[in-house]
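The structure appears below as structure tokens.
The values are calculated or read from the model by the stated rules, or taken from the named source; none is laboratory data. Predicted model only: the values in this text are computed from it and were never measured. Virtual Cβ from ideal backbone geometry, glycine too; neighbours counted across all protein chains shown. Each accessible area value is taken on the protein alone, full model and side chains, heavy atoms only, with ligands, DNA and RNA left out. Shrake-Rupley method; radii C 1.70, N 1.55, O 1.52, S 1.80 Å.
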Amino acid sequence: MRSLARRSFVGTVAGAAALALWLTGCTAGDESSGPVGGEGCEAFADYGDLSGKSISVYTNITEPEDQQYLDTFAPFEECTGATVDLESSRDFEAQLTVRIQGGTPPDIALIPQPGVLASVVRSGAAKPAPQSVVDNVDQYYSADWKAYGTVDGTFYAAPSGAFVKSIVWYSPTVFSANGYEVPQTWEELIALSDQMVADGIKPWCAGISSGTATGWPLTDWLEDIIMRQQGVDFYDQWVAHDVPFNDPKVADSLDELGAILKNPEYVNGGIGDVSSIASTTFQDAGLPVASGQCGMYHIGDFYGSIFPQGTTIAEDGDVFAFALPVWEAGDSMTTEVGGEFATAFSDRPEVVAFQTYLTSPEAANAQAASTTTSRVSPNSGVDASLYPSPVSKLSAETLTDPSAVVRYDGSDLMPAAVGSGSFWTQITNWITGQSTRDTLDAVESSWPAN
């Protein structure tokens, strides 16, 4: 379990101009005045003096990605006197269920799947969002984001962080040296992959190992292809199970994915062959992009925080990212997104205060100013200029653009038994040799009757 020591906050956000005045007011001067009410802490006054209180937070976000959340929590700790204890686990989904069933849930869990959120709510353990959270969400978030945190007509959880998934990481250095251009259509993407093969470069990195969540990177790949190849209307019907999971159009899209990831000429540069995909962690899988051992890696914008320290993320840097192309020229760009929803299992005053803070512009700006940027905020009150990464700036603009065609991660919206169960398991079986038909039929047969 990790708790952010107050003195570490200074080193975490120092240099962020927008927070400089706040930082000076809250960390300098007479310590006897206490953490509440210092200059720059005015926005925290309504939370009261929470000295000696603690809030436990449970998440699947592990090091180094969790640093951004620690940085987000720091102003709340400094200005209220509370302590926020963050516990991370790669077996989050399974262990959260165990803890709920055992009567020892955390105060707040950052749940990444609305489908899991629904299951948790229906277990009777979660608390509806307090009015202060509802008010913030109505003011700063779109109706879609509120809907994702609503179960059976009651609002429970607001997004604490979000990310764009329709991203391809690449090396501008490698592209420039070989005369490659960022593809604008699916046909151009495949042509680029073939050119890389001709030039002796494995075009794709891939890895799906993630503890009990193994397989999820493949679900993102498939969902992105379905949205492009079959259209967002079909995607919405498929996610809602208005068409069967094993519809022939889904099979076509999975075969399209297989043409990339099951092609031994395309993968897995710097790591191994196709068989290495299942055993390689998603964290390790994309690292060969920076060294040019593979050309591209499809994963969310959060991956920028996983590249080693010193890696330059820029249009002319070691690595950068482009949007996964549209299917055909003239198609609307569709972006798949994900995130975590701060779900409370306690309504103690300090928990309500912290839950409210997470939906405020102050939390969004602290998150943006973090030296480790892996999440962006869908909060319209965020100052996007605070994001240190140009990739994060682009993602933030997408999330807050009312005209963007954005769809939430399909597997996260499906019932937990499917979205974080059979879908992950069966698509892992698929990459290790199971047929497309058997894979989709198995998931369809697992869909809950109600």
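Do you know which of the residues in segment 56-73 that are open to solvent by 10 Å² or more (accessible area, probe 1.4 Å) and either in contact (Cβ under 8 Å) with a residue 60 or more places away in the chain or basic (Lys, Arg) (or both) is farthest from Gln367 (Cα to Cα)? The selected residue is Asn60. Note on segment 320-351: among residues that are more than 22 Å from the chain's Cα centre (by Cα) and hydroxyl-bearing (Ser, Thr, Tyr), the one that is nearest to Arg99 (Cα to Cα) is Ser346. Checking each residue in segment 383-396 for being within 16 Å of the chain's Cα centre (by Cα) and open to solvent by 60 Å² or more (accessible area, probe 1.4 Å) picks out Lys393, Leu394. Inspect all residues belonging to segment 294-301 and state whether any of them is open to solvent by 20 Å² or more (accessible area, probe 1.4 Å) and closer than 20 Å to Ser171 by Cβ. For segment 294-301, residues open to solvent by 20 Å² or more (accessible area, probe 1.4 Å) and closer than 20 Å to Ser171 by Cβ: absent. Annotation: of all residues in segment 107-135 being charged (D, E, K, R) and part of a loop (DSSP other than H, G, I, E, B), the one that is least open to solvent (accessible area, probe 1.4 Å) is Asp107. Check segment 87-106 and report whether any residue there is outside any loop (DSSP other than H, G, I, E, B), β-branched (Val, Ile, Thr) and in contact with an Asp or Glu (Cβ under 7 Å, 6 or more places away or on another chain). Looking for residues that are outside any loop (DSSP other than H, G, I, E, B), β-branched (Val, Ile, Thr) and in contact with an Asp or Glu (Cβ under 7 Å, 6 or more places away or on another chain), one finds none in segment 87-106, hence no. Condition check for Thr312 on (1) hydroxyl-bearing (Ser, Thr, Tyr); (2) in contact with a helix residue (DSSP H, G or I) (Cβ under 8 Å, 6 or more places away or on another chain); (3) without any contact (Cβ under 8 Å) to a residue 12 or more places away in the chain: one failure, at (2). The residue list Glu362, Glu328, Glu265 contains one member that is crowded, with 19+ Cβ neighbours inside 10 Å and at negative phi, which is Glu362. The combined condition, being out of contact with any strand residue (DSSP E or B) (no Cβ under 6 Å at 6 or more places or on another chain) and modelled with pLDDT under 95, is not fulfilled by Gln237. Output the residue which, of all residues in segment 63-108 that are touching a Leu at 6+ places or on another chain (Cβ under 8 Å) and of a type in the set (Phe, Trp, Tyr), is modelled with the lowest pLDDT. The residue in question is Tyr69. Close Cβ contacts (under 6 Å, 6 or more residues apart or on different chains) running from residues in segment 104-127 that are within 25 Å of Lys53 (Cβ to Cβ) to residues that are in a helix (DSSP H, G or I) and of a type in the set (A, V, I, L, M, F, W, C) comprise Asp107/Val351; Ala109/Leu96; Ile111/Leu117; Ala125/Ile100; Ala126/Val120.
Which of the helices (runs of 4 or more DSSP H) found entirely inside segment 327-429 contain at least 2 residues meeting this: modelled with pLDDT under 90 and among the charged types (D, E, K, R)? Talk me through it step by step, then tell me what you get.
Numbers: elements: 349-358, 361-368, 390-399, 410-413.
Hits in segment 327-429: 390-399.
For segment 260-310, a tally of residues being part of a helix (DSSP H, G or I) and of a type in the set (Phe, Trp, Tyr) returns 3.
Scanning segment 294-315 for residues that are modelled with pLDDT of 95 or more and more than 29 Å from Val232 (Cα to Cα) returns a single hit, Cys294.
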